[in-house]
1. Top to bottom by accessible area (1.4 Å), largest first, where do 336, 330 land?
2. When N is the residue count of the stretch 54-126, what does its C-alpha Rg come to as a fraction of 2.2 N^0.38 Å?
3. Mind listing P(r) for the stretch 7-159? All alpha-carbon pairs, 10 Å bins, whole percents.
4. Between residue 361 and residue 69, how high is the FRET efficiency from 1/(1 + (r/R0)^6) when r is the Cβ-Cβ distance and R₀ = 60 Å? Nearest 0.05.
5. At a 1.4 Å probe radius, which order do 238, 347, 177, 289 fall into by accessible area, largest first?
6. What's the center-to-center distance, using Cα atoms, between the stretch 272-337 and the stretch 13-47 in Å?
7. Which of rounded, prolate, oblate describes the stretch 167-254, given a ≥ b ≥ c as roots of the alpha-carbon gyration tensor eigenvalues and a/c under 1.5 marking rounded, otherwise prolate only if a/b is larger than b/c?
8. What accessible area, in Å² to the nearest ten, does a 1.4 Å probe give for residue 37?
Amino acid sequence: METAKELLWLGLDAGLQLLMQPFYYISIIFIALLYRRQVLLERKLFHVRLNGWGMQTWRTFLGGLVAGIAVSIVMAFLGISLTFAAVICIWVTALVLMLFRVRFLCFAYSIGVLGIIQFVLSWFPEWQPEGLLGSAITTISSLDIPALLALAAVLHFAEAALVVLQGSKFATPLFLEGKRGKLVGGYHMQSFWPLPLFLLIPASGGSMVLPWTPFFGGEAWSGGFSMLVLPVLIGFGEMTHSMLPRQKAAVTSKRLVVYSAVVLVLSLLAEWWSPLMIIAAIAALVLHEGLVWYSRNEENERSPVFVHPSHGLRVLAVLPGSPADELGILAGETILKANGTLVHNKEQLHAALRQNSAFCKLEVQNHQGESKFMQRAIYAGDHHQLGAIVAPDPDDNLSVKLKPLSVFALLGMKLNVKNKVAANPGQTKADSTPDKPETVEV
């Protein structure tokens, strides 16, 4: 009972520390900017937004809060030794890496890099510079890398759970240029979660000791314990044109679980035999990059799903709260008929819906290849396609070229549009016919 009271008071104190931590606010602002950029892209492509960036930010905030508490409970039994200087060191490393690629903000990269730096510094024990550099070297040399790698592994277990629960809900539909220049539909799935971690750390002269001994730290826990707050940011980014978002999220989640298990085992072994530390640090980096490479290569090898079949229109996405959403139309299904008329492109769909301005009947083929029939009244202000965003037609003139997102592009909040319209001599731009689609680089 006394231990529970002590933990409660330490938790309240750590909560106050969190309110004074700038890194937690930086994480939330970063996430809000990312989702706002996604909304701008949706408006550019479809002239409408699928989700509000404010609501998306709120959902990830709540998801990160719950995940942070869960990770904190797990780490209370694994154990970790941290100082405020170590927290600053980890975050500075993460922010520097983010300047190269936003995905490098992942905790595994910063801890892996710090582990490699610590290993290199161990070869020069007599090098002790003064000033800020000396303080940084002292902090890096004192980091408990195996415990931090274990924390990174537990964070990726939490990420795997968040991806399967929320990852598909934040997917942005896109028009992409396929292998042979043909436009295909796809999804960009990118999300981040801010996690406040309330970590128990060993403290000499503490008033109480834990009733259990955490794995990392050993005898250091005999002097008592304290609590330190560590705000971290986890996230994932995937692009798919061969799977539905929820399928891609499930596959990504399973791979993250395997990655987390491998890193966790290596970190535990590194605590037992210190020479394995450098192997665990390198593995955290290389395996993470391997997941990214494997996913991209897999997408390149698979056939696209969001292309129109010989009969009907393939649905790429459905606007939340739209008539199509109310009717139960799902992404990946195929609209075969509208008001009894076969449809093969957007113009035919729009014309068929206008045959009856007050009512519509649809025949839709589901994922199993079975037809389902639905009907609904049409009201003023309804989306002209009932809120169904279909896969691109061959004559669509706008596509997206995905580029690695940098922090400068995120702060700039601009979508770089490259107009690839080729005009003949004496022909005005308005009269020209595009040879290739206009490309939005994001």
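1. The ordering from most to least exposed comes out as 330, 336.
2. That works out to 1.38 for the stretch 54-126.
3. Going out from 0 Å in 10 Å bins, the stretch 7-159 shows 9, 30, 34, 18, 7, 1, 0 percent.
4. The value I calculate is 0.75.
5. Ranking 238, 347, 177, 289 by accessible area, largest first, yields 347, 177, 289, 238.
6. 23
7. prolate
8. 20
The values are calculated or read from the model by the stated rules, or taken from the named source; none is laboratory data. This is a predicted model, so every value here is computed, not measured. Cβ coordinates were reconstructed from backbone atoms using ideal geometry, including for glycine residues, and neighbour counts include every protein chain displayed. These area figures cover heavy atoms from the full protein model, side chains too; ligands, DNA and RNA do not enter into them. Shrake-Rupley method; radii C 1.70, N 1.55, O 1.52, S 1.80 Å.
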